[in-house]
Structures are given as structure tokens and as C-alpha cells.
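Accompanying notes for the structure given below.
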Amino acid sequence: MALEERPVGKLDRAVIFLGPPGSGKGTQAKELAKKYGVPHLSTGDMLREHIALGTPLGLKVKPIMERGELVPDSLVLRMVAERIERPDCSNGFVFDGFPRTVTQAKYLGEMLKRQGFKQPFVIHMIIGTDVLMKRMTGRRVCKLCGEIYNIYDRPPKVEGICDNDGGELIHRPDDREEVVGPRLHAYEKQTAPLVTYYRRLGYLHDVDARKSVEEVKQDIQQLVSSMRGMR
Ligand code: AP5
């Protein structure tokens, strides 16, 4: 492994990315997880995998996700609880797209306490809705490795092909213009209250998500490295 690819140290907790669809949670969560050598847990990716495999959970959630609505808490919580009990999560993990409701956040708080983790570190991606439509309709994702591109701002070297592994780049069905509106609405109504919830607990750290991918990455890495020594 090259020196710059080696994990920099323990995370010892959950880092949570909180922000509207298209704000860059997945792009940045992957980078942070790689830096600390911990799992990147995207509930959206997990659910899409269930859909691709045609599992009973996948069959249940497919129409819900296609409408741009949130999947019921009970289904998501069971899936997450199973995942974070695995041994690869013992040094911490990075959540992307979870929790998304106050019920999920409370349940997560209990789970983390039970498993002896420190308080979570929440990164709040701040961005206006004006930019989000372009980010989502322009997004393309590698079918094999999940690398995230954007046809406007972050294009692959060859159109439709992943730079990493030659995989096919796909356009997510919920990135169609008519589904973006309901997704933003679900965020405002069900997820945005978590900003107040986590701010009151003192866990929230604001990041300006309008900046370039590299600038946002620097800001996040600075914030996270400053959390050492926190309880
Ligand atoms: P999920 O997959 O979590 O989607 P999301 O939260 O809607 O977020 P996105 O993946 O759309 O965006 P992102 O913020 O990760 O942005 P990205 O980095 O890709 O959820 C999908 C669905 O699953 C939900 O609607 C729901 O139905 C269900 N679900 C999932 N979790 C759930 C839960 N906990 N409870 C209930 N239901 C749940 O970036 C977007 C684009 O912008 C990319 O093209 C990227 O290249 C580009 N970009 C990123 N950063 C920048 C930058 N700084 N400058 C310019 N371009 C950038």
C-alpha cells in the first residue's frame, strides 16, 4: 500500500454526514473513510444493493425510493443495526445518509452508547437548493466501484466509463428531474430537524458545501483531525 493510502489513525466513533440530496455527502464520506481506514456506510447504497439483488427488502423499498420518499424507519434501523455489529466497525465508521429522522438519530444514539463508542461527530453540509438540481441530474455513478462523477463538474476521462475500473456509469433513477423535488421536500420535512437536534447536543459542525470538492475535503479533514481529545 502506498504511503498516502495508509489510514492515518483511529476514528473511535461514528462520523455522520448530514445534508440535502446532492450536497456531496457520498463524495466526501468515501474520502474520509479511506483516510481513516474505516467502513463507509451509505444507507442509500445498501438499499440500492438490496434492490439490485431482488431481496424481500429490495422489493419493498424500490417503489418508495423511485418516488423520492424516505424508507420507513423500522426497515432502515434493522439494516443498520446488523451492519455496525460487524467486526470491521470496531474502530468507527462514516455514515452517509443516516440518520435521516429524529427517530433514527435517537435509536443510533442508544446503539452507539451500548457499543461503547464516543459521541458522534456530525458534519453538516450547507448548500442552497439552486445548485442541487445540476449536481443530481449531472451525477453518474460507476456500476462496479460506486465512484461518483458529474458530467458538468467532474467528468470521467471517457464518457460513460469509470476511470478506476472501466465500469459502466449509470444515472440513478431517483436523479430524474421529477424525483429531485420530492427528495428535497422529504429532506426539509423529515431530515432538516436533525440540524437543530444535533446542534443542541453540541455534535454539529458546519461545512460550506458550495466550495470545490478539494476545498470541502480540506475543511472536513481539518475539522475531523481537531476532534482528537474530545470525549
Ligand atoms: P441516498 O443514496 O442517501 O441519497 P441522498 O441523501 O439523496 O444523497 P445523494 O446520494 O443524492 O447525494 P450526496 O449528498 O451523497 O451527493 P454526492 O456526493 O453523490 O438516498 C437515496 C434514497 O434512499 C432516499 O431518497 C431514501 O428513499 C432512501 N434512504 C437512504 N437512506 C435512508 C434513511 N436513513 N432513511 C430512510 N430512507 C433512506 O454528489 C452529488 C453530485 O455532485 C455528484 O455528481 C458529485 O460529483 C457532485 N459534487 C459533489 N461535491 C461537489 C462539489 N463540492 N462541487 C461540485 N460538484 C460536487
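Nothing in this text is a laboratory measurement; each read-out follows from the coordinates by a stated rule. Every value quoted in this text rests on a predicted model; they were computed, and no experiment measured them. In this analysis, Cβ positions are derived from the backbone assuming ideal geometry, glycine residues included, and neighbour counts consider all displayed protein chains.
Would you please state which residues of the stretch 18-34 a label at Gln221 would reach in this model, taking the label point 7 Å out along Cα→Cβ and a backbone N cut-off of under 18 Å? Under cut-off, by backbone N: 25-34. Annotation for the stretch 121-197: chymotrypsin sites (Phe, Trp or Tyr not before Pro) lying in DSSP loop with at most 16 further Cβ atoms inside 10 Å of their Cβ are Tyr152. Site pair Leu112 and Ile151 shows an inter-label distance of 3.8 nm when each label is modelled 7 Å from Cα along Cα→Cβ. Set against the 2.2 N^0.38 Å expectation for a compact globular protein, the stretch 112-154 has a Cα radius of gyration ratio of 1.77.
Given +1 at the Cβ of Lys and Arg, -1 at the Cβ of Asp and Glu and no other charges, the dipole of the stretch 53-206 around its Cα centre is 520 debye to the nearest 20. Compare Val195, Val216, Val158 in a GNM of the chain, Cα atoms joined below 10 Å, and give the one with the largest fluctuation. Answer for the Gaussian network model of the chain: Val158. Between the listed residues Met136, Val158, Tyr198, the Cα displaced farthest toward the positive end of the dipole of the chain, a dipole computed from Cβ unit charges relative to the Cα centre, is found at Tyr198. Short-range pairs are left out: with C-alpha atoms under 8 Å and at least six residues apart, the relative contact order of the chain is 27 percent. Can you tell which of Ser42, Ser212, Ser90 shows the greatest fluctuation in a Gaussian network model of the chain with Cα springs below 10 Å? The residue that fluctuates most here is Ser212. Springs join every pair of Cα atoms under 10 Å in this Gaussian network model of the chain, and among Glu177, Glu31, Glu82 the largest mean-square fluctuation is at Glu82. Taking a 29 Å limit on the Cα-Cα distance, which of the listed pairs Lys10/Lys217; Lys10/Lys157; Lys113/Lys143; Lys60/Lys189; Lys62/Lys211 fall beyond it? Cα-Cα > 29 Å for Lys10/Lys157; Lys113/Lys143; Lys62/Lys211; rest within.
Hey, got the dipole for the stretch 163-231? About the Cα centre, +1 on K and R Cβ, -1 on D and E Cβ, debye to the nearest 20? Mind showing how you got there, number by number?
Values: 11 positive and 13 negative charges, 139 e Å.
Dipole size: approximately 660 debye.
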